[in-house]
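Just below is one structure, and these are the notes that go with it.
What follows draws every value from the coordinates through simple rules; no lab data is involved. Model, not experiment: these values are computed from the prediction. Here Cβ is always computed from backbone atoms with ideal geometry, including for glycine, and neighbour counts include all displayed protein chains.
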């Protein structure tokens with residue numbers, strides 16, 4: 001037995017001894033363990049079996065797969081957010097590197113959204129979407145969790161009521177006035193759509209629990225709690241601002257581009273799947289959501305997303321023709 005192997009066995013023995021385990025039992029297990037394969041490790045067969053269209057239109061499989069990919073990236077974003085929230089060292093370098101990862105994930109999602117905008121036949125989409133009612137991408141719970149982990153609830157209250165709330169107010173009260181609920185309100189009756197009712201029933205208890213768990217501990221709070229020498233780190237500030245724009249402007253505009261391609265008709269509003277009013281819900285300049293409002297000037301907040309919206313609208317109209 002060579003010296004390196006002896007050293008490794010000794011370290012293993014110390015490891016198992018320190019945890020009260022018998023190393024020999026684990027070595028016996030290694031004798032009978034199967035070699036790991038790539039397809040087993042990532043559960044490839046299971047993964048590829050999860051795309052189950054409800055119609056016979058081929059492009060529906062694209063629609064399903066892309067949304068599943070999106071949710072996996074949302075999971076990675078939340079994974080990074082939790083690391084920042086759990087960090088006790090309060091160092092700008094760690095904060096910055098995790099935000100770089102988050103912005104990288106968002107950049108991939110934003111750059112890939114052309115799959116949704118240009119990657120499906122309009123005629124197929126307008127037909128198979130009717131079989132999906134009342135399901136809607138509006139019901140992405142993970143995206144809402146990204147918001148809750150990012151910023152306090154008073155920043156997510158609808159813009160028309162935002163000045164009336166502070167962190168001292170009830171989480172439950174602010175949740176009732178959260179901005180996105182108005183986007184799932186029936187245009188004619190002003191009542192909640194079935195899409196929103198289902199979403200609230202399924203996730204409200206979980207959302208309330210998360211919001212209470214991170215109260216005073218969101219990414220916004222973690223930034224404010226940094227020592228002054230760390231808080232003024234320009235690289236960190238740049239990544240925080242980039243995250244704000246990616247999540248609250250660029251990502252929404254990608255959805256607007258898809259909505260204009262598939263749902264826009266001159267002089268007529270076609271509702272998104274589930275009855276959500278996308279023209280009222282998606283434009284960043286309407287919602288003015290800022291995860292880190294302290295990092296933006298009054299002028300920047302007032303003009304939030306306007307230039308991007310104009311550009312996206314004109315680009316979408318051009319692509320239609």
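Seen through its C-alpha gyration tensor, with square-root eigenvalues sorted a ≥ b ≥ c, the range 101-196 comes out oblate because a/c lies at 1.5 or above while a/b is not bigger than b/c.
How far, in degrees from 0 to 90, does helix 306-320 lean away from the longest principal axis of the Cα atoms of the chain, to the nearest 10? The two axes meet at around 80 degrees.
Considering only alpha-carbon pairs that sit under 8 angstrom and 6 or more positions apart, the relative contact order computed for the range 46-126 is 40 percent.
In this calculation the C-beta distance from residue 172 to residue 142 is compared with R0 = 25 Å, giving a FRET efficiency of 0.70. Against the main long axis of the alpha-carbon atoms of the chain, helix 3-18 sits at an angle near 70°.
What FRET efficiency, computed as 1/(1 + (r/R0)^6) with R0 = 35 Å and r the Cβ-Cβ distance, is obtained for residue 234 and residue 69, rounded to the nearest 0.05? If you can, show how the numbers build up before the last one.
Working: r = 33 Å, r/R0 = 0.94.
Working from the Cβ atoms, E equals 0.60.
Considering helices alone, the calculated mean residue ellipticity of the chain at 222 nm is -18000 deg cm²/dmol, with DSSP H runs of length four and up weighted by -39500 (n - 2.57) and normalised per residue. Just to be sure I understand, if you calculate Cα Rg over 2.2 N^0.38 Å for this structure, which of (1) 0.92; (2) 1.04; (3) 1.20 do you get? Identified label for the calculated read-out: (3).
Using alpha carbons only, how many degrees (0 to 90, rounded to 10) separate the axis of helix 251-263 from the longest principal axis of the chain? With both axes taken from Cα atoms, the answer is about 50 degrees.
According to the square roots a ≥ b ≥ c of the eigenvalues of the Cα gyration tensor, what is the shape class of the range 13-145, taking rounded for a/c under 1.5, prolate for a/b larger than b/c otherwise, and oblate for the remainder? List each step's numbers first, then the result.
Numbers: a/c = 3.16, a/b = 1.57, b/c = 2.02.
It comes out oblate by the Cα gyration axes.
How long is the gain from residue 130 to residue 35 if the chain were fully straight, where each residue apart is worth 0.36 nm and the alpha carbon distance is subtracted? Don't skip to the answer; put the middle values down first.
Numbers: separation 95, 0.36 × 95 = 34.20 nm, distance 4.61 nm.
Between residue 130 and residue 35, full extension yields an extra 29.6 nm.
In percent, what relative contact order does the chain have, based on Cα pairs under 8 Å that are 6 or more apart in sequence?
Values: 316 pairs, mean separation 65.7, N = 321.
Reported relative contact order: 20 percent.
State the extension gain, in nm to one decimal, for the chain segment bounded by residue 296 and residue 161, taking 0.36 nm per residue of separation less the distance between their alpha-carbons.
Values: separation 135, 0.36 × 135 = 48.60 nm, distance 1.98 nm.
46.6 nm is the gain from fully extending residue 296 to residue 161.
The residue 97 and residue 13 beta-carbon pair, evaluated with R₀ = 51 Å, returns a calculated FRET efficiency of approximately 0.90. Here the Gaussian network model covers the chain, with springs between Cα atoms less than 10 Å apart; of 22, 40, 173, 22 fluctuates the most. Separation of the range 202-255 from the range 38-60 is 33 Å, based on Cα centroids. A Gaussian network model of the chain, with springs between Cα atoms under 10 Å, assigns the largest mean-square fluctuation among 88, 215, 34 to 34. Per-residue packing, averaged as other Cβ atoms within 10 Å, sorts the ranges 94-106, 41-53 into the order 94-106, 41-53, beginning with the highest.
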